[in-house]
Amino acid sequence: MDDRPVLGLDADDTLWENEVHFRETERRFVELMAPWADGSTTEAALLDTERANVAITGYGVKGFILSMVETAISLSDGAIGAEPISRVLEWGRQMLEAPVALLPDVAETIGTLADAHRLLLITKGDLTDQRRKVDASGLADHFWRIEIVAEKDTPTYRDILGRHGIDATRFVMVGNSVPSDVLPVLEAGGRAIHIPHDLTWALETATDSDIDGHEFPVLRSFG
């Protein structure tokens with residue numbers, strides 16, 4: 001019987017780069033929308049659209065692209081043509097085919113951690129895209145289990161821990177998002193370690209009031 005402790009790991013912006021692709025595409029989108037809106041207006045409108053859509057489209061590139069298309073039509077009052085929309089769709093395809101770039105020290109650290117822990121990858125987003133990134137990362141063989149979920153909230157973590165027979169009090173989750181990788185795990189009875197990334201999507205940030213009353217270690221890097 002394998003009685004090694006289970007260590008949960010986030011994927012995007014914890015093990016490999018992700019948000020950088022969204023930021024670059026958003027920069028292109030701001031330029032595309034310049035005839036109709038300034039940069040701050042476009043960014044705010046896109047974020048509002050993403051926030052409204054995420055419960056329907058879920059997380060990931062496909063929902064992001066749909067939100068850009070909706071935002072483009074709205075900000076241009078329908079004047080934007082097929083060619084600019086085609087460009088947005090092409091940017092999405094490029095994101096879905098982007099190489100996976102591991103963050104510093106991840107490859108070496110994962111190997112070391114896997115010797116002493118059962119590594120449980122828990123990542124949210126589009127099933128096909130997340131699976132592609134896991135496979136392309138070269139890390140898949142290190143994971144004891146892989147969970148690709150629609151949302152990372154307390155019920156989801158409780159379900160995962162229950163299905164795998166994991167004692168929440170012995171479970172530790174590591175990730176870059178306080179709302180997704182830290183707070184819901186603490187609420188589920190586990191522990192969490194926060195490794196901030198330089199780039200964090202606005203919907204994955206936590207306020208001081210969110211964090212108030214919760215204690216968790218913060219590491220500077222994965223190494």
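Read the figures in this text as sums done on the coordinates, not as results from a lab. Quick caveat, the model's predicted, so the values are computed rather than measured. With ideal geometry, Cβ positions are generated from the backbone for all residues, glycine too; neighbour counts draw on all protein chains shown.
Once amide H atoms are built 1.01 Å from N in the peptide plane, which residues 5 or more positions from R118, or in another chain, come under 5 Å H to H?
V6, L7
Tell me, what does the Kirkwood hydrodynamic radius of region 19-96 come to in angstroms if you use every pair of distinct C-alpha atoms?
Working: mean 1/r = 0.0812 Å⁻¹.
It is 12.3 Å.
Using the Karplus curve 6.51 cos²θ - 1.76 cosθ + 1.60 with θ = phi - 60°, what ³J(HN,Hα) values do you get for each residue of region 122-127, in whole Hz, with x for Gly and Pro?
10, 10, 10, x, 5, 4
Using a cut-off of 17 Å between alpha-carbon atoms, which aspartates and glutamates can reach K133, once sequence neighbours fewer than 8 places away in the same chain are excluded?
Reachable aspartates and glutamates: D10, D12, D13, E17, E19, E97, D141, E147.
Residue-wise, which Karplus ³J(HN,Hα) couplings in Hz belong to region 87-102, taking 6.51 cos²θ - 1.76 cosθ + 1.60, θ = phi - 60°, and x for glycine or proline?
Whole-Hz 3J(HN,Hα) from phi for region 87-102: 5, 4, 5, 5, 4, x, 4, 4, 5, 6, 10, 5, x, 8, 10, 5.
How far apart, in nm, are the 7 Å Cα→Cβ label points at T109 and S221?
Label at T109, label at S221, 0.9 nm between them.
How far, in degrees from 0 to 90, does helix 39-57 lean away from the longest principal axis of the Cα atoms of the chain, to the nearest 10?
Once rounded, the angle reads 60 degrees.
Non-local amide H neighbours of A192 (under 5 Å, H modeled in plane, Pro and chain starts lacking H): which ones?
So A192 has HN proximity to M173.
Please determine, in degrees from 0 to 90 and to the nearest 10, the orientation of helix 61-75 with respect to the longest principal axis defined by the Cα atoms of the chain, where the helix direction is its Cα long axis.
Result, in degrees: 30.
Once you keep just the Cα pairs under 8 angstrom separated by 6 or more residues, what percentage relative contact order results for region 12-161? Could you put the intermediate results ahead of the total?
Numbers: 136 pairs, mean separation 36.2, N = 150.
Worked out over region 12-161, it gives 24 percent.
Figure the gain on full extension for L199 and R51 (residue separation times 0.36 nm, minus the Cα-Cα span) and round it to one decimal in nm.
Numbers: separation 148, 0.36 × 148 = 53.28 nm, distance 1.80 nm.
Taking L199 through R51 to full extension adds about 51.5 nm, to one decimal.
Rounded to whole Å, give me the distance from the Cα center of region 96-146 to that of region 181-200.
Taking the Cα centre of region 181-200 as reference, the centre of region 96-146 is 17 Å away.
Calculated FRET efficiency, R170 and R93, Cβ-Cβ r, R0 35 Å, to nearest 0.05? Could you put the intermediate results ahead of the total?
Numbers: r = 42 Å, r/R0 = 1.21.
With a Förster radius of 35 Å, E is 0.25.
Calculate how steeply helix 154-163 sits against the longest principal axis of the alpha-carbon atoms of the chain, using the helix alpha-carbon long axis, and give the answer as 0 to 90 degrees to the nearest 10.
The helix 154-163 is inclined about 50 degrees to the chain.
Identify which of T71, T25, T169 has the largest mean-square fluctuation in a Gaussian network model of the chain, with springs joining Cα atoms closer than 10 Å.
Answer for the Gaussian network model of the chain: T169.
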